[in-house]
Amino acid sequence: MGVSGECPYSKKERIAGYGASWWLWLFLIFCIQWSVPRIASANWQPLAERLVADGYNEQTIRMLFSRPEVRFEPTVMAGKIAGIVRSQLSRPSVSGPLDHNGVYRSFMNERVIARARSYMRENRAILEEASAGYGVPGEVVVSILLVETRLGRSTGGAIVFNRLASMALSANLETIKPYIGRGIITADREDYAQTWCRKKSDWAYNELKALLNYAGKSGIDPLDIKGSIYGAIGLCQFMPSNIFSFGIDADNDGRVDPFVTPDAIHSIANYLRQHGWNSHIGREDRRKVIFAYNNSTVYVNTILAVADKLRGGAHAKR
């Protein structure tokens with residue numbers, strides 16, 4: 001986190017100072033340095049030792065953390081905790097009728113819908129195969145792909161290892177406090193924030209292990225895997241652990257790859273089925289299943305609204 005204020009001197013004073021006073025020049029440099037974000041650093045040793053204790057090869061882990069691409073990114077956990085504190089344990093409801101005012105409007109644009117229809121035509125065989133195998137309509141799968149990654153066009157550019165490792169290392173609230181906006185962590189919220197900090201750190205650590213396992217099994221450099229701000233990867237934006245729990249090797253190449261269309265489509269359908277989707281499911285139960293995919297009422301509304309349009313009717317109930 002940097003200081004956003006400018007140096008307290010007028011333009012005329014600064015120009016005069018360049019030739020008249022060396023100390024003023026140094027002061028100006030100091031102001032400039034503090035006006036840009038500071039580069040965070042971290043001691044990775046505790047995290048590396050924890051991974052080694054859990055059975056990972058010590059030399060491999062040490063070499064991994066020594067690579068220049070590995071960076072500590074405290075703003076990730078800071079943003080997560082700030083959001084949780086603001087919500088103050090309030091959870092959105094997944095019940096009630098579809099509210100078309102509560103959708104992501106950018107996905108309701110006719111050009112976007114037309115692109116999704118075109119995607120359905122291009123991948124009809126895969127979608128029909130997935131629908132037959134898991135009982136999930138193709139338009140629902142495509143709606144999720146659209147909202148999650150714009151049909152694979154935007155899968156995220158963050159180094160997932162850095163995001164998860166940074167969160168795993170940030171179990172102590174004091175580590176990320178400097179990166180949280182003022183007034184968010186008040187005295188009466190500090191214990192609450194610390195509790196969630198520890199929970200999210202443990203969650204990230206387990207996802208980090210899943211990422212390493214996935215990379216090892218797939219023969220991929222873990223630092224080459226890119227994804228979202230909190231570590232979701234692929235067209236379907238699965239967390240690494242979900243690849244093992246719900247991922248499907250639909251193209252039969254010997255590994256689950258969430259970055260390829262057949263695997264992503266089948267994996268989404270399998271995830272929904274495993275969370276309760278079936279051919280006889282009602283609309284309210286559909287909402288609950290989709291809510292498990294992404295805990296947001298607006299997200300659920302959008303998926304169902306887009307699926308309605310792809311199916312041919314804005315209020316279809318099938």
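The values are calculated or read from the model by the stated rules, or taken from the named source; none is laboratory data. Quick caveat: nothing in here was measured; it's all calculated off a predicted structure. Note that we place each Cβ from the backbone using ideal geometry, even for glycine, and neighbour counts take in every protein chain shown.
The table below lists the values:
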item	result
Residue match in region 162-173 (condition: surrounded by fewer than 17 Cβ atoms within 10 Å (Cβ to Cβ) and in contact (Cβ under 8 Å) with a residue 24 or more places away in the chain)	yes
Members of region 251-277 that are small (G, A, S) and closer than 17 Å to N123 by Cβ	A264, S267, A269
Flag for G227 being touching a Ser or Thr at 6+ places or on another chain (Cβ under 8 Å), surrounded by 23 or more Cβ atoms within 10 Å (Cβ to Cβ) and not charged (D, E, K, R)	yes
Number of the exception - A116 against (1) part of a helix (DSSP H, G or I); (2) within 30 Å of N57 (Cβ to Cβ); (3) over 18 Å from the mean Cα position of the chain (by Cα)	(2)
Matching residues in region 262-279 - criterion: being of a type outside the set (S, T, Y), closer than 17 Å to L304 by Cβ and free of Cβ contacts under 8 Å to residues at least 40 places away in the same chain	H275, G276
Any chance P74 is touching a Ser or Thr at 6+ places or on another chain (Cβ under 7 Å), closer than 26 Å to L223 by Cα, of a type outside the set (A, V, I, L, M, F, W, C) and modelled with pLDDT of 95 or more	yes
All positions within region 230-255 that are surrounded by fewer than 15 Cβ atoms within 10 Å (Cβ to Cβ) and assigned to a helix (DSSP H, G or I)	F244, S245
Boolean, G234 is modelled with pLDDT of 95 or more and either closer than 22 Å to I61 by Cβ or over 19 Å from the mean Cα position of the chain (by Cα) (or both)	no
P258 being surrounded by 16 or more Cβ atoms within 10 Å (Cβ to Cβ) and part of a loop (DSSP other than H, G, I, E, B)	yes
Only listed residue being within 19 Å of the chain's Cα centre (by Cα), within 30 Å of S87 (Cβ to Cβ) and not hydroxyl-bearing (S, T, Y), chosen from R189, R182, R150	R150
Helices (runs of 4 or more DSSP H) wholly inside region 121-222 containing at least 3 residues that are outside the structural domain of P258 (by TED's automatic domain parsing) and either among the acidic types (D, E) or over 30 Å from R286 (Cα atoms) (or both)	160-168, 173-176, 190-218
